[in-house]
Each structure stands twice: as structure tokens, then as C-alpha cells.
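**Student:** Just passing along the structure, written as C-alpha cells.
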Amino acid sequence: MNEHPSISAAPDSSEYRNLIRKRLKKQQEFNNYLGVWAGVSLLLLTIWFFTMPGGYFWPMWPILGMGIGAFAQWREAYGPMAPKEITEADIDAEIQRLKK
């Protein structure tokens, strides 16, 4: 499926706005995932530190696995980070950016 609307679609059309809304939603989901990744990583590091400091560093495996997931989400959400709430002004700004 083509990521961008056809050239015949006007930048202010509902098709174009839906594309921008989906893109901003993916960016927002990526930001949320980064927060979860950081929290889980911190929790795992804390558990490791208090149970076996200096022992086998097992937290690297789940942290690496989540990192692969973060990379996959980043690829789908490429572009500037999205705000917490997507507004009509954000959509209009993204349309203007894509027009350039």
C-alpha cells in the first residue's frame, strides 16, 4: 500500500488528513513505547543490582529484545516526535510541512 496519498488528493482533503492522523498516531505510540522500555529497563537493572551485582548481566537480553521492538516502531513512525495529544493544529502543521 502506498504510504502517501495520490497526487490527485488535495492537501486539505479527508484522505490526506487521515494519512497525517495515522502518521501522528504512530509517532505517539512510539513515544509511549520508549517510556515503557525505559521503565522496564530500569526495573530489570534494579532487580539485577540487588540480587546479583557483579554476576551474569541477564537484563541485557530483555532490554535488547525491547530495543528491537523500539527500532521497528521507530521505522513506522519516522519523523519528529508527536505531542501527547494530537490536535487539528498538529495535523495542519504536518500538512504544511509535507507541502514543502
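**Student:** Sort out which residues of region 8-21 are among the hydroxyl-bearing types (Ser, Thr, Tyr) and touching a residue at least 40 places away in the same chain (Cβ under 8 Å), and write them in order of number.
**Tutor:** Passing the criteria: only TYR16.
**Student:** Here are the criteria: (1) surrounded by fewer than 10 Cβ atoms within 10 Å (Cβ to Cβ); (2) at pLDDT below 85; (3) β-branched (Val, Ile, Thr). Tell me which single one THR51 does not satisfy.
**Tutor:** Looking at each condition in turn, THR51 falls short on (2).
**Student:** Continuing with this model, one more query. Could you list all residues from region 22-48 that are touching a residue at least 60 places away in the same chain (Cβ under 8 Å), crowded, with 16+ Cβ neighbours inside 10 Å and of a type in the set (D, E, K, R)?
**Tutor:** Residue satisfying the conditions is ARG23 alone.
**Student:** Give the number of residues within region 1-20 that are modelled with pLDDT of 80 or more and buried (at least 16 other Cβ atoms within 10 Å of the Cβ).
**Tutor:** Residues flagged as modelled with pLDDT of 80 or more and buried (at least 16 other Cβ atoms within 10 Å of the Cβ) within region 1-20 amount to 2.
**Student:** Step by step: first the residues of region 82-99, then only those that are in a helix (DSSP H, G or I) and of a type in the set (Gly, Ala, Ser), then the one that is modelled with the lowest pLDDT. Which residue is that?
**Tutor:** Selected residue: ALA89.
The values are calculated or read from the model by the stated rules, or taken from the named source; none is laboratory data. This structure is a prediction, so every number in the text was calculated from the model and none was measured. As a convention, Cβ positions derive from the backbone with ideal geometry for all residues, glycine included, and neighbour counts pool all protein chains shown.
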